[in-house]
Amino acid sequence: MISKLSTFTLKNVFVILSTIIMVSAVGTARAQSPVGVAAVVNDEPISIIDLVERLKLVAVSSNIEMTAQKSNEMAPQILQQLINEKLQMQEAERRGIEVKQSDIDVAKATIEKNAGLPDGMLDQFLEQRGVAPSTIEEQIKPQVAWQKLLGTMRRDVEISDAEIDENLARIESNQGKPRNRVQEIFLPVDNPQDSAKVYQTAQEVLQALSKGADFGGLARQISASTSAATGGDMGWLYAGEISSELQQAINQLEPGQVSAPIQTIRGYYIIKLLDRRRGDAAAITDTRLDLYQLFVPVSESESEEQIKAKLDVLNNTKQTADSCQALANVAVDLGSELSGEMKGISPNDLSGPVSRAVSGLEKGQVSDIIRVDGGALLVMVCDKTEKSNLPDRKSVENRLLMERLDILARRKLRELRREAFIDIRI
């Protein structure tokens, strides 16, 4: 039996919440706050203190000003998250899955790295902002346990060669289109009757984002996708790697923009476009060059004869040099400090004149003379490597596997919710 949250009760509860938040800000221990139970999940309680601490963690990690009104808006979603975590932990324990302190420490180190914090400083960072360090560990523990449980499901998932081939073919056919780096927040709709309520939550998330909330922080706290652990970062996506509904929304965004809630068969997505790389017909390969540039300074104040003499040096070098070392030797003779080697550079990262000059050159070939501001130069290709810019078969298989496991995980969580006794008391 699942009781419902009443607006009247929540208003009363958040009088208590506001008091607790003020008390905790001046250092009173959690155990000294005599408050009640927010929910019971299979005879295990979730206290109002647990809810308050998680709301404070959401505020800190997402850069939200957690006013009483904002707490009132977000509490139902956060409480549902706590209920899900309780169910996940109970199922993991039933299956004998153990979460060690070392697992939690690794997860905390990852959070520190993503947040740009020095090693071991997460607890102090939270304490300084009035959040008990145990709050983040209580969030991490069920996440780690659930990931371990999903690991046991891998043997039940099989990705065929035909599926991998189909994905690779679709990605290759879209090589001329842009690639996008995106973040996601996913709010599932487990019951069609809850669709309107989840949509309202998505709108509240959008409102928080419009007021400066951190997208990655919110994704870590409320997103139901496996990408939540990385702040919703899905990495660089080729066209064809994501559902048509999401791809269509992404195509309409510019870097930095956030989409409106996108309804899919699974639930609602909110997408942020972080960056976009323009595609081209040759995008199937990634070319890297090792170059040597021989530079000679040319000043406008020099006479035509002086300029011609310097250009003659470059012309002679172009005719006689058979290696990058030969160019380096000439640079030493000329005392050219702006000459030198460039390794592993993409042709796209070169200036326009240099990029055009080396286009089509193979290893050991030297460019024509390139006139640039302040001088002239020759560029030789010392080495050239080309590799496929497509994801390999293993990467595609892993992505498909994670998608399949994500579906299984949500299905399992729905099953746990159906079978559980959940009593929401606020």
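Taken together, the values in this text are just the output of simple stated rules run on the coordinates, not laboratory data. Predicted, not measured: the structure shown is a model, and the values here were computed from it. We place every Cβ from the backbone using ideal geometry, glycine too, and count neighbours over all the protein chains shown.
Across segment 328-400, the relative contact order, built from alpha-carbon pairs under 8 Å that are at least six residues apart, equals 19 percent.
On the basis of the beta-carbon distance and an R0 of 25 Å, ASP161 and ASP286 show a calculated FRET efficiency of 0.50. In summary, the convex hull built on the alpha carbon positions of segment 212-316 has an orientation-averaged projected area of 13.1 nm².
In the structure shown, the pairs LYS197/LYS272; LYS70/LYS141; LYS86/LYS141 are assessed against 19 Å; a Cα-Cα span above that value is assigned to LYS197/LYS272; LYS70/LYS141.
Nearest 10 degrees, 0 to 90: what angle lies between the long axis of helix 68-94 and the longest principal axis of the chain (Cα atoms)? Value to nearest ten degrees: 90. In plain terms, the bigger the Kirkwood radius, the slower the diffusion; for the chain, with that radius from Cα pairs, at 10 °C and 1.306 mPa s, Stokes-Einstein puts D at 62 µm²/s. Along Cα→Cβ, 7 Å out, is where each label goes; now give me the distance between the ones at GLU337 and ALA196 in nm to one decimal. With each label point 7 Å from Cα toward Cβ, the separation is 7.4 nm.
Computed extension length for GLU245-LYS100: 48.2 nm, one decimal, from 0.36 nm per residue of separation with the Cα-Cα distance subtracted. Peptides 206-218, 248-260, 133-145, 403-415 ranked from most to least packed by the mean count of surrounding Cβ atoms within 10 Å: 133-145, 206-218, 403-415, 248-260.
Using just its DSSP H runs of length 4 or more, each adding -39500 (n - 2.57), the chain gives a mean residue ellipticity at 222 nm of -16000 deg cm²/dmol after division by all residues.
If you fit an axis through the alpha-carbon atoms of helix 133-153 and take the longest principal axis of the Cα set of the chain, what angle between them do you get, 0 to 90°, nearest 10? Value to nearest ten degrees: 80.
Each principal axis of the Cα atoms in segment 299-368 has its own extent, and those three values, largest first, are 36, 24, 21 angstrom.
GLY267's amide H: which non-local residues (gap 5+, or another chain) put their own amide H closer than 5 Å, with H modeled 1.01 Å from N in plane and none for Pro or chain starts? Amide H to amide H, under 5 Å and 5 or more residues apart or across chains, GLY267 pairs with VAL189. Listed by chain and number, the aspartates and glutamates placed with their C-alpha closer than 19 angstrom to that of LYS394 are ASP156, GLU158, ASP161, GLU163, ASP165, GLU166, GLU172, GLU241, ASP286, GLU403, ASP406; residues fewer than eight positions away on the same chain are left out. Computed over segment 302-426, the convex hull of the alpha-carbon atoms projects to a mean area of 16.0 nm².
When we measure straight from the Cα of LYS318, which lysines land under 23 angstrom away, once same-chain ones fewer than 8 places off are left out? Cα-Cα hits under 23 Å: LYS308, LYS310, LYS343, LYS363, LYS384.
Here the Karplus relation 6.51 cos²θ - 1.76 cosθ + 1.60, evaluated at θ = phi - 60°, turns the backbone of segment 48-56 into coupling constants of 5, 4, 4, 5, 4, 4, 5, 4, 5 Hz, with x for every Gly and Pro. Cα centroid separation, segment 99-170 to segment 173-212: 21 Å. Phi angles across segment 247-257 convert, under the Karplus curve 6.51 cos²θ - 1.76 cosθ + 1.60 with θ = phi - 60°, into 3J(HN,Hα) values of 4, 4, 5, 4, 4, 8, 9, 10, x, x, 8 Hz, Gly and Pro given as x.
Relative to the longest principal axis of the Cα atoms of the chain, helix 101-115 runs at roughly 50 degrees.
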